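What follows is a short report on a single structure.
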Amino acid sequence: MKTLFFSLLLLCHAWSGRPVVSYNDPGGISVLAVNTSASTIDWKADKATGTHTGIVKIESGTLVMHCGLLSSGTVILDMGSLTVTDLSSADKEKLEGNLKSDYFFDTGKFPRAQLDITAVNHSSEKTLRFITILGNLTLHGITKQVTFTANVSKSGINDFAAEANIVINRRDFNVATSNLRYDTFIYKDIHLHVILKASRPEPLVSSL
């Protein structure tokens, strides 16, 4: 057992390239579940005549922690939950219907979007507070590589919390490109503000 502990300790330091600071002591590999009720995604899209904002819910997700640091993971979005927050009444319902139609995200055909985290760079900040995340985003049936910076407020073998601003080009995913009017007057960038929280699931207890 003592030999195994020292082997894990050496592996953690070898993977990070330097001693881990600010976070929990090295603890091997753990898998955290995304807290969907505490995590949020706000979206913003600009057009020639103004801006629309809204929310899309996270359906589920898991994060893999290596020595208390994010290593990989998957986050699944419920595109059918997409809502508009800057309008009310009939205007709100009309825009939500348009966004879910085949002119935009076609949520009937593509009910989910998915981010697969493939690599994480922890070396950009000495405190490890800011990390660079590389991943594959699948949206509207198309997968593209994305890179963004996350501001980490908590990272350990049992808990993770971070905030990030992600910008995606809707044209990369063929969103609102089939209609010339939409494609002309809606700007290409969709801005996502993400707050992600995850923790180790409670062990299941069964009675005999």
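The values are calculated or read from the model by the stated rules, or taken from the named source; none is laboratory data. Note that the structure is a prediction, hence the values are computed from the model and not measured. Note that each Cβ is placed from the backbone with ideal geometry, even for glycine, and that neighbours are counted across all protein chains shown. Each accessible area value is taken on the protein alone, full model and side chains, heavy atoms only, with ligands, DNA and RNA left out. Shrake-Rupley method; radii C 1.70, N 1.55, O 1.52, S 1.80 Å.
Among the residues of the stretch 95-118, which ones are open to solvent by 30 Å² or more (accessible area, probe 1.4 Å), touching a Ser or Thr at 6+ places or on another chain (Cβ under 8 Å), of a type outside the set (Asp, Glu) and closer than 29 Å to Ala162 by Cα? Within the stretch 95-118, Lys100, Gln114, Thr118 meet the criteria.
All of (1) under 15 Å from the mean Cα position of the chain (by Cα); (2) in a loop (DSSP other than H, G, I, E, B); (3) of a type in the set (Val, Ile, Thr) hold for Thr107 with one exception: (1).
Would you say Ile131 is assigned to a loop (DSSP other than H, G, I, E, B), open to solvent by less than 50 Å² (accessible area, probe 1.4 Å), out of contact with any Leu (no Cβ under 6 Å at 6 or more places or on another chain) and in contact (Cβ under 8 Å) with a residue 60 or more places away in the chain? Full working, then the answer.
Numbers: assigned to a loop (DSSP other than H, G, I, E, B): no; open to solvent by less than 50 Å² (accessible area, probe 1.4 Å): yes; out of contact with any Leu (no Cβ under 6 Å at 6 or more places or on another chain): yes; in contact (Cβ under 8 Å) with a residue 60 or more places away in the chain: yes.
In short, no.
For the stretch 117-130, the count of residues that are under 25 Å from Ser178 (Cβ atoms) and among the aromatic types (Phe, Trp, Tyr) is zero. Residue check: is Leu196 in contact with a Phe, Trp or Tyr (Cβ under 7 Å, 6 or more places away or on another chain), crowded, with 16+ Cβ neighbours inside 10 Å and either modelled with pLDDT of 95 or more or not aliphatic (A, V, I, L, M) (or both)? Taking the combined requirement at face value, the residue does not satisfy it.
For the stretch 32-91, residues that are more than 27 Å from Ile186 (Cα to Cα), in a loop (DSSP other than H, G, I, E, B) and either open to solvent by 30 Å² or more (accessible area, probe 1.4 Å) or out of contact with any Pro (no Cβ under 7 Å at 6 or more places or on another chain) (or both) total 5. Quick check on the stretch 135-157. Is at least one of its residues in a loop (DSSP other than H, G, I, E, B) and within 19 Å of Gly61 (Cβ to Cβ)? Checking the stretch 135-157: at least one residue is in a loop (DSSP other than H, G, I, E, B) and within 19 Å of Gly61 (Cβ to Cβ). Of all the criteria given as (1) over 22 Å from Cys67 (Cβ atoms); (2) of a type in the set (Gly, Ala, Ser); (3) open to solvent by less than 20 Å² (accessible area, probe 1.4 Å), the one not satisfied by Gly156 is (1).
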